[in-house]
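The values are calculated or read from the model by the stated rules, or taken from the named source; none is laboratory data. Keep in mind it's a predicted model, so treat the numbers as computed, not measured. No Cβ is skipped: glycine too gets one built from the backbone with ideal geometry, and neighbour counts run over all protein chains shown.
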Amino acid sequence: MEIQSSIFETLFDKAETFGKTTYELSKLKALETTTVVATSVVARISVILMISMFLLVFNIGVALYLGELLGKFYYGFFIVAAFYLIAGIILHFFLHKWIEKPLSNLIITQALK
C-alpha cells in the first residue's frame, strides 16, 4: 500500500510542478506579447506625432500663403479647412475599411507572435 501511495504522491507532485511551470510560461508569453504590442504602438505613435507636427506647421504656412495671395489671411485658412473637410468625408465614406482592416490585422499579428 505504501508503494502505491508514494507513486501517487510522486505523480501528484509532478503534475503540480507541471501546472506551475505551465502557468509561469503562460505569464511570460503574455508579458512578451504585451511588451511587443506596447513598444510597436509607442514607436508608431511617435512617428505619427512627428508627421502631425510637420503637417500642422506646413498647413499653417500654406494657409498664410494662400491668404496672402487672396488678400485676406483668413481666406487661406478657410480654403485649407475646406480641403480637410472634403478629405475627411472621402476617408469616412470610401476609405474607412482600407484603414480599419490593416490596423486590426497589425494588432492581431503582433498579439499572436
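Checked against the criterion of being part of a helix (DSSP H, G or I) and under 18 Å from ILE108 (Cβ atoms), the stretch 13-30 contains one or more residues that satisfy it. None of ILE7, ILE3, ILE48 is loosely packed, with under 10 Cβ neighbours inside 10 Å and either β-branched (Val, Ile, Thr) or modelled with pLDDT of 90 or more (or both) except ILE3.
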